Each structure stands twice: as C-alpha cells, then as structure tokens.
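Student: Have a look at this one.
Computed from the coordinates by the stated procedures, all read-outs in this text should not be read as laboratory data. None of the values given here were measured: they were computed from a predicted structure.
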Amino acid sequence: MSADATPGSTPDVRSWWDDAVGRTHAVRRTFTRDDLAAHEQLCGDVCGSEVPEPLVAGLFSTLLGVHLPGPGTNYLKQVLRPRRAARAGEALEAVVEVVRVVPDKRLVYLVTTCRGEGGDVIAEGEALVLAGGITAP
C-alpha cells in the first residue's frame, strides 16, 4: 500500500507485508435449517440439525479470498480440527489471524478459529496461502 508521492513529500514505502503479522479479520454467520437442507440437496450429505464441516470451512474460504489476504489468494494447505458440531440457528464467528509471512514468495501463514455461542471452539486450524493479489516487496 504505497501512496503516490507529491513534490516535496516523502513517498510511503511501506508495503502490505510490513505490518501483516497480527492482522485479523472475522465473519459471523448463523446457518439456518434451510441452509442445511440446501446443503443436503446439493451434496446428499444428511446432516440433521448439525452444521456440516464443509460449511464451517467455507467461512474460512470467504475470509481468506475476500478479506485477508483477499482477492487473488490461493490455498496451498489447510488443516481444520473440529472440536464440536455447530447447530442450526447457532451464531458462529470465524476468525483468521496472520502469524507469519514470507514476502518474497508471497506466502501467508494464518491461524483459523471458529467459535460458537458462548465462545466455545467449534473448529480450529491453520492455513497457508499464496497472496496472489498482493505484490511482493
């Protein structure tokens, strides 16, 4: 994120990479019984009143591809460890946090956590992505 220099000013030479570690972004979602029924119809996966893991994982995909690092991001590796099932109608919050970057290779390591009502962990893990939309310094 460098600013255009104007005559007599010092250009901003900081890049996205300089302060990436520690950045977080969150998304909140409550999956309804209708969402689960649509998932069952699409995948044939009968889930009853429990939110299937692919829907929880999709929250992280949204975060990584839209928000942090954002458009152009490509998954290289994801680990998701479920802790308990989320229920239809339960408010979920998924969070990603940048924990390490390798700017010259545009690699971003993140910790991923999804919490349910009351703050208990639904799933946690890690992701390694290629920040395709962010220029290496």
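Student: When the Cα centres of the range 19-40 and the range 75-137 are compared, how far apart do they sit, in Å?
Tutor: If we compute the Cα centre of each part, the gap is 11 Å.
Student: Cα extents of the range 48-100 along the three principal axes, largest first, in whole Å?
Tutor: That works out to 35, 18, 16 Å along the principal axes.
Student: Using just the helices of the chain, give the 222 nm mean residue ellipticity in deg cm²/dmol: DSSP H runs with n ≥ 4 each add -39,500 (n - 2.57), and the total is spread over all residues, rounded to 500.
Tutor: Numbers: 2 runs with 21 residues, N = 137.
Helix contribution divided over all residues of the chain: -4500 deg cm²/dmol.
Student: When the convex hull of the Cα atoms of the range 25-131 is projected onto a plane and the area is averaged over all directions, what value comes out in nm²?
Tutor: On the way: hull surface 26.3 nm².
Approximately 6.6 nm², given one-decimal rounding.
Student: While we're on this one: In whole percent, what relative contact order does the range 25-131 give with Cα contacts below 8 Å and a gap of six or more residues? Let's see the in-between values first.
Tutor: Values: 207 pairs, mean separation 32.9, N = 107.
Worked out over the range 25-131, it gives 31 percent.
Student: On a 0 to 90° scale, report how tilted helix 53-62 is relative to the longest principal axis of the chain, with both axes built from alpha carbons and the result rounded to the nearest 10.
Tutor: 20 degrees
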